There are 2 protein chains.
Amino acid sequence: MVLREHPMTPDSQPTFRALADPTRRDILKLLATQDMTIADVSGHFDMTRAAVKKHLSVLSDGGLITVEAQGRTKINRINPTGFAPVLNWFEFFDTFWDDRLTTLKSVIEKDMT
Amino acid sequence: MVLREHPMTPDSQPTFRALADPTRRDILKLLATQDMTIADVSGHFDMTRAAVKKHLSVLSDGGLITVEAQGRTKINRINPTGFAPVLNWFEFFDTFWDDRLTTLKSVIEKDMT
DNA sequence: TTGACATAAAACCATTTGGTATCACATAAA
DNA sequence: TTTATGTGATACCAAATGGTTTTATGTCAA
């Protein structure tokens with residue numbers, strides 16, 4: 001028995017990969033406040049635009065942002081739907097642990113105290 | 001304004017990193033069903049025990065499993081509390097999006113249909 | 001049309017990552 | 001005490017990753 005993702009399930013790997021880098025997670029928090037061009041995003045980090053652009057590409061591959069061309073700039077916009085694959089993955093444990101009265105929700109609440 | 005994790009917040013990076021690999025996510029699903037030794041886990045994957053051991057170390061670094069010595073074997077056990085850092089990170093967006101009536105919960109439900 | 005500017009793309013580099021093979025160590029069993 | 005077995009640790013390798021620099025390309029404004 002080798003556990004593998006079901007073939008029909010949308011591949012969650014690009015999303016998990018996109019979330020694995022701290023800079024990309026910070027970019028997502030940035031874009032949660034407002035849509036931004038690449039130049040805008042770059043202004044918040046100590047790295048070249050090219051590097052930021054690569055991160056945005058990874059985020060786009062993971063479905064976590066959408067990019068819309070607007071003249072000579074591109075508007076990077078967070079995509080709430082893109083979180084679904086990861087959230088659904090967590091849901092597996094949530095439903096699984098319902099039996100043990102150890103839901104993920106209770107885990108969060110425990111951490112809050 | 002450069003977004004960085006608050007110094008007092010437990011570092012979530014090792015947890016995100018641990019979740020970024022598909023094999024490690026499969027291991028977690030395995031351990032959700034029952035605790036296992038390294039040999040047990042290895043039996044489910046087409047790779048050497050050494051490779052599986054590395055994955056288990058990364059999962060342990062991320063706090064997602066605990067390891068208990070038992071004679072000459074080691075029992076690997078999933079640690080629900082270890083999910084807290086990532087779940088809390090998602091909570092940020094959840095509360096943020098409450099204003100827009102776009103909570104993560106609704107994202108999941110939309111994906112279910 | 002010319003020049004400025006935002007993004008794209010490619011080559012390149014150092015480090016990390018996921019895997020292997022090998023050897024050492026500790027514990028259970030003969 | 002041997003011997004087998006489960007695990008740990010190290011060295012090593014190919015590929016991926018995160019960054020830079022440089023060179024296009026496309027679009028807006030004089």
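The values are calculated or read from the model by the stated rules, or taken from the named source; none is laboratory data. Keep in mind that what you see is a predicted model, and the values were worked out from it rather than measured. Glycine gets a Cβ as well: all are built from the backbone with ideal geometry, and neighbour counts include every protein chain shown. Areas reflect the complete protein model, heavy atoms only, side chains present, ligands, DNA and RNA absent. Shrake-Rupley method; radii C 1.70, N 1.55, O 1.52, S 1.80 Å.
Right, residue A:70: under 20 Å from residue B:17 (Cα atoms) and either within 12 Å of DNA strand C (Cβ to nearest atom) or small (Gly, Ala, Ser) (or both) or not?
Criteria not met by residue A:70.
Please find, within region A:65-84, the residue that is nearest to the other protein chains (Cβ to nearest Cβ) out of those that are open to solvent by 30 Å² or more (accessible area, probe 1.4 Å) and more than 12 Å from DNA strand D (Cβ to nearest atom).
Applying the first criterion (open to solvent by 30 Å² or more (accessible area, probe 1.4 Å)) to region A:65-84 yields A:66-74, A:77, A:79, A:81.
Filter again for more than 12 Å from DNA strand D (Cβ to nearest atom), leaving A:66-68, A:77, A:79, A:81.
Details: A:66: 14, A:67: 19, A:68: 18, A:77: 13, A:79: 10, A:81: 6 Å.
Going through the qualifying residues, I end up with A:81.
Only one of B:43, B:62 is modelled with pLDDT of 95 or more, within 10 Å of another protein chain (Cβ to nearest Cβ) and within 14 Å of DNA strand C (Cβ to nearest atom). Can you tell me which? Break it down stepwise before answering.
Working: B:62 fails: within 10 Å of another protein chain (Cβ to nearest Cβ).
The match here is B:43.
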**Number of the condition not met by residue B:14 [criteria: (1) within 8 Å of DNA strand D (Cβ to nearest atom); (2) in a helix (DSSP H, G or I); (3) open to solvent by 30 Å² or more (accessible area, probe 1.4 Å)]** = (1)
**Request:** Can you work out which of the residues in region A:27-40 that are within 14 Å of chain B (Cβ to nearest Cβ) and within 9 Å of DNA strand C (Cβ to nearest atom) is most open to solvent (accessible area, probe 1.4 Å)?
**Result:** A:40
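Where residues in region B:46-59 are outside any helix (DSSP H, G or I) and within 13 Å of another protein chain (Cβ to nearest Cβ), which of them is farthest from DNA strand D (Cβ to nearest atom)?
Going residue by residue through region B:46-59, those that are outside any helix (DSSP H, G or I) are B:46-48.
Then drop every residue that is not within 13 Å of another protein chain (Cβ to nearest Cβ), which leaves B:46-47.
Values: B:46: 17, B:47: 12 Å.
So, considering only residues that are outside any helix (DSSP H, G or I) and within 13 Å of another protein chain (Cβ to nearest Cβ), the one farthest from DNA strand D (Cβ to nearest atom) is B:46.
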